[in-house]
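Just so it is clear, none of the values below were taken in a lab; they were calculated from the coordinates. Since the structure is predicted, the reported quantities are computational estimates derived from the model, not experimental observations. Note that each Cβ is placed from the backbone with ideal geometry, even for glycine, and that neighbours are counted across all protein chains shown.
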Amino acid sequence: MVKIKTTNYNLFYGLKQALFDINMDIYKNKITAIIGPSGCGKSTLLRSFNRMNDLIDGVKAKGDIFIDDKSIYKDWDVVELRRKVGMVFQKPNPFPKSIFDNVIYGPRTSGIKDKRKLNDIMEKSLKQAALWDEVKDILRQSAMSLSGGQQQRLCIARAFAVKPEIILMDEATSSLDPISTAKIEELILELKKDYTIVVVTHSMQQAARMSDYTALLYLGKLIEYDKTEKIFTSPSNEITKNYVTGRFG
Amino acid sequence: MNKRNFSQGLNFIIIKISVFVVVAFLFFIIFHIFRNGISSISIDFLTKPPTDSMTRGGIFPAIVGTFCLSIGALIVAVPMGIISAIYLSEYTKGGLFLRILRLGIRNLAGIPSIVFGLFGLALFVIKFGFGSSLLSGSLTLGFLILPTIIAATEEALRGIPQDFREASLALGATKVQTIFKVVLPAALSNIVTGILLSVGRVAGETAPIMFTAAAFYKPALPTSVFDEVMALPYHIYTLATEGTHFEQTLPIQYGTCLVLLALVVLMDIAGIWIRLKARKSKKW
Amino acid sequence: MGSSLKEKIYKNIFLIVTAFSLVILFLIALFLFAEALPLFKNVSLIDFLFGKMWYPTMSPHSFGILPLILASFYVSFLSAIISIPLGIAFAVYLSELAPKGIKEVLKPLVELISGFPSVVLGFFGMVVIAPWMTNKLSPFFTETIPNFLSFLHLSYLSNFFANNLYIDVGLNITSASIMLAFITIPTIASLSEDALYLVPRTYKEASLSLGATKWETIKKIVLPAASSGIATAVMLGVSRAMGETMIVLMTCGGASMIPVRPFDPARPLPAAIAAEMGEAPYHSLHYEALFGIGAVLFILTLIFNILSDIARTQGEKKMKGKSV
């Protein structure tokens, strides 16, 4: 079942075109990896799904993206869209608030005031992010006091707390140590049954280990998009073949 | 080689002497005011109005007046300054117009305070008919520090990493929620520092209130915003430049200087301390 | 879409408040000129700016502000001679020489000086500097030095000192300049330090690795690289000295004649406004002339502020050009 669908999607930073005619169906309850050399537009594409590119001056989009068959530009209210589509960033970016306040930030801003309900959401989200046991006694401490790996899992928990259906991960493990990375990868595989997950990664091993589908972007163009197995074993495009065998990038 | 080392040593000594001269002068002033002013300070001095054509008695009305003027200026400048800074830093996109605007604000912060006094006289005292009053003085002082507060707040807001804003928006918070729940709280201590330094400045300003608010002698405390008030800096000025009782009132002058100085220095130290604390606990 | 309506309302409230505060601030300039303008029906601009007599209350009155303008330049110049070297030395010490602990104490001290109430400094100038000038410095110039010079048979020089460096009023240009220098040093020191801090470390390392001493590196590499930033600082310092009111009002003596000797009393622009506005009847010529002085002061400080902005942009360009 298709969750996200892009149709002839183009994106411009001022005069510079960053994405060219992207046509892509992303499937529900699957992990989709977007790979490609740095600067190829993979983060830009990911940030298109929740319209984070809107924040950058001079960005213009052509074509459209549909989530649940509704256009993200015409049918979705951008705030509603971002609640539906959670995002985890490259660098852990907890707010300078307590762990508790970080997790319930989303539900609180959407107007939930009931203390018990907030507590439930917080506990459940932290458990989902496999962080509960480590922080359950220090919930009132500043999130800044956590380690990098813990901070990133906190950001994941924070994203869960708004009950999204899609989770976007923008090189979410690139700034972490191998142990934290393994933990988060494990977590992502676990989550697949409930969420649609799109990850951007520069690590081909990570893409191969985790994802069901893989897309290769090169110079803003979608070169090949297929089942991960196919991409890594018998790619049909020459560029893909060179890239996955490590001959460039 | 020896000559070069000698030249370096000599120049470094000159530099160190320069620094010493400036710092020594600062402490000499503070010490001089303190030594001559401390004997005037008493409970009565701080809580009683002046008597005997201001040759005796206390400075209570001036303390109250300075306090009211400072609060008034803050009421004028802080909400407007913070909102303007939010708009400029969070809502405007770069470009020539904004650059010119920032340049304008920076230059407004450099306008002499006496010019603000003239402005306050023409607009608030005369045109709006507020007279020489707490209201006119607060408005004048408020606009005097407005550019400083805008600039300090904008700088504090721009110091907040873009990551925080993105994280908040990505969680489905609106822009306003993002500003009030994430950006402002994170920038708060730097904003407070800017405000405290401005209070120090407002409390010590004389020129802008000379013709907009300050009374030469008015022992009764203000009862409305349309009252003229005494103020510490103006009190010093009038006593020091009034020919007839200069010698006689010298202890009062020193005492008032000491009170004003203590007030201003306290504000500055509080501001600097908050900034220092925030910087130490900051992890982004 | 309730949330997006709310967003728009907020945004517009922000916009209105911002526009309001900016408009009021820009009104300041307008008001100065509007209040001053009627004066020029009676007095020509040339007579106002270059007239040598400031007799606003006599009859016939005379509204020439040249003595006041020259007094402002005189005190600003003299104070700059003191504050520029001290301020830059302070900055060099902070950025290049001071150990970390001392630096952490000195920087707040600089801020403290910059926040000093100017009326207290004016008062200090009146009660300490001025008596010191007449009681100590004047005899030193007119007796001690001439006596010493006569002893050396340099009678010409001796007479020069005795006849020119007497100080009969302690409240004079030099007294005001000393206090003005003190209050402008923080501006120059802290902005120069920012400029020195921005000089890339690689410059210093390159110079040191070529065998230059630390002082040679500072003099030949660091200071030149920071020169436009330092120029910015100096311009802002001069602008601040020129606009400072209480110090010149209380310590400069107030005589509205063209100043010649550094120990002459004078009446700089802000002092004239502050001293006379209380007695000028509303919308009299005198009142309008004082607003005219305000406008001149506004323009003069604006020129220095703009010069400092030009220096800043020049510096930014230079830095960018070099780092690419």
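Taken about its Cα centre, the stretch B:58-281 carries a charge dipole of roughly 840 debye when the Cβ of each Lys and Arg holds +1 and the Cβ of each Asp and Glu holds -1.
With R₀ fixed at 45 Å, the C-beta to C-beta distance from B:VAL23 to C:HIS61 puts the FRET efficiency at about 0.40.
Here the label points at A:TYR27 and A:LYS117, each 7 Å from Cα along the C-beta direction, are separated by 3.6 nm in the simple model. Quick one: dipole size for chain A, taken about the Cα centre, charges +1 on Lys/Arg Cβ and -1 on Asp/Glu Cβ, in debye to the nearest 20. Charge dipole, chain A, about its Cα centre: 420 debye, nearest 20. Measuring gaps between exposed loop sites in chain A (trypsin sites (Lys or Arg not before Pro); DSSP loop; at most 11 other Cβ atoms within 10 Å), the longest gap, sites not included, is A:1-73. The stretch between C:TYR282 and C:LYS6 holds 94.6 nm of extra length on full extension. This uses 0.36 nm per residue minus the Cα-Cα distance. Summarising the amide proton neighbourhood of B:GLY57: residues at separation of 5 or more, or on other chains, whose placed amide H is nearer than 5 Å comprise B:THR51.
Using a Gaussian network model of chain B in which every pair of alpha carbons under 10 angstrom is joined by a spring, one finds that among B:SER53, B:SER132, B:SER89 the greatest mean-square fluctuation is at B:SER53. For the stretch C:42-319, report the translational diffusion coefficient in µm²/s to the nearest whole number, using Stokes-Einstein at 25 °C, 0.890 mPa s, and a Kirkwood Rh over Cα pairs. Taking Rh from Cα pairs, D becomes 118 µm²/s. With both residues required to sit in the protein assembly as shown, DSSP beta bridges show an antiparallel share near 60%. Between C:LEU154 and B:ARG4, the C-beta separation translates, for a Förster distance of 41 Å, into a calculated FRET efficiency of about 0.65. Note on A:LYS16 and C:ASP168: the model spin-label points, each 7 Å out from Cα along the C-beta direction, lie 7.4 nm apart.
In order along the stretch B:36-47, phi translates into HN-Hα couplings of 8, x, 5, 6, 7, 6, 8, 4, 4, 4, 7, 10 Hz, rounded to whole numbers, per the Karplus curve 6.51 cos²θ - 1.76 cosθ + 1.60 with θ = phi - 60° and x for Gly and Pro. Taking the Kirkwood radius as Rh and the Cα radius of gyration as Rg, the stretch A:81-222 has a ratio of Rg/Rh equal to 0.98. Close amide H partners of C:TRP54, meaning residues 5 or more places away or on another chain with modelled amide H under 5 Å apart, are C:GLY64. Applying a DSSP loop filter and a limit of 14 other Cβ atoms within 10 Å to the trypsin sites (Lys or Arg not before Pro) in the stretch B:195-284 leaves B:LYS282, B:LYS283. Taking every alpha-carbon pair under 8 Å whose residues sit at least 6 apart, the stretch B:219-284 reaches a relative contact order of 23 percent. With the charge dipole of chain B set up from +1 on Lys and Arg Cβ and -1 on Asp and Glu Cβ about the Cα centre, the Cα lying farthest toward the positive end among the listed residues B:TYR237, B:THR140, B:GLY58 is that of B:THR140.
Each residue of the stretch A:165-172 was assigned a 3J(HN,Hα) from its phi angle through the Karplus curve 6.51 cos²θ - 1.76 cosθ + 1.60 (θ = phi - 60°); the sequence is 9, 10, 10, 9, 10, 9, 6, 5 Hz, with glycine and proline shown as x.
The phi torsions of the stretch C:144-151, fed into the Karplus equation with coefficients 6.51, -1.76 and 1.60 and a -60° offset, translate into couplings of 4, 5, x, 4, 4, 5, 5, 4 Hz, rounded to whole numbers, with Gly and Pro shown as x. Straight-line cross-link reach from C:LYS107 at under 26 Å between alpha-carbon atoms covers these lysines, not counting any fewer than eight positions away in the same chain: B:LYS16, B:LYS277, B:LYS280, B:LYS282, B:LYS283, C:LYS204, C:LYS214, C:LYS219, C:LYS220. Taking other C-beta atoms within 10 Å as the exposure proxy, C:SER256, C:SER72, C:SER190 rank C:SER190, C:SER256, C:SER72 from fewest upward.
Here the stretch C:1-70 and the stretch C:111-158 have alpha carbon centers that stand 39 Å from each other. Amide H contacts under 5 Å for A:MET169: A:VAL88, A:VAL198, A:VAL199, A:VAL200, restricted to partners 5 or more places along the chain or on a different chain, H placed in the peptide plane at 1.01 Å from N. Distance between the modelled labels on C:LEU49 and B:ARG35, one decimal in nanometres: 4.9 nm (7 Å Cα→Cβ projection). The order of A:THR233, C:THR174, going from fewest to most other C-beta atoms within 10 Å of their C-beta, is A:THR233, C:THR174. Rg/Rh for the stretch B:27-158 (Cα atoms only, Rh after Kirkwood) is 1.11.
Note: relative contact order over chain A, using C-alpha pairs below 8 Å and six or more positions apart, is 28 percent. Taken residue by residue and averaged, Cβ atoms of other chains lying within 10 Å of the Cβ of A:77-86 number 5.
Within straight-line reach of C:LYS52, meaning a Cα separation under 27 Å, sit the following lysines at least 8 residues removed in sequence or on another chain: C:LYS41. Beyond 22 Å in Cα-Cα separation lie the following of the pairs A:LYS124/B:LYS175; A:LYS5/A:LYS124; A:LYS30/A:LYS70: A:LYS124/B:LYS175; A:LYS5/A:LYS124.
Exposure proxy for C:CYS252, B:CYS257: other Cβ atoms within 10 Å of each Cβ, ordered fewest to most, give B:CYS257, C:CYS252. Dividing the mean sequence gap of close Cα pairs (under 8 Å, 6+ apart) by how many residues chain B holds gives a relative contact order of 27 percent.
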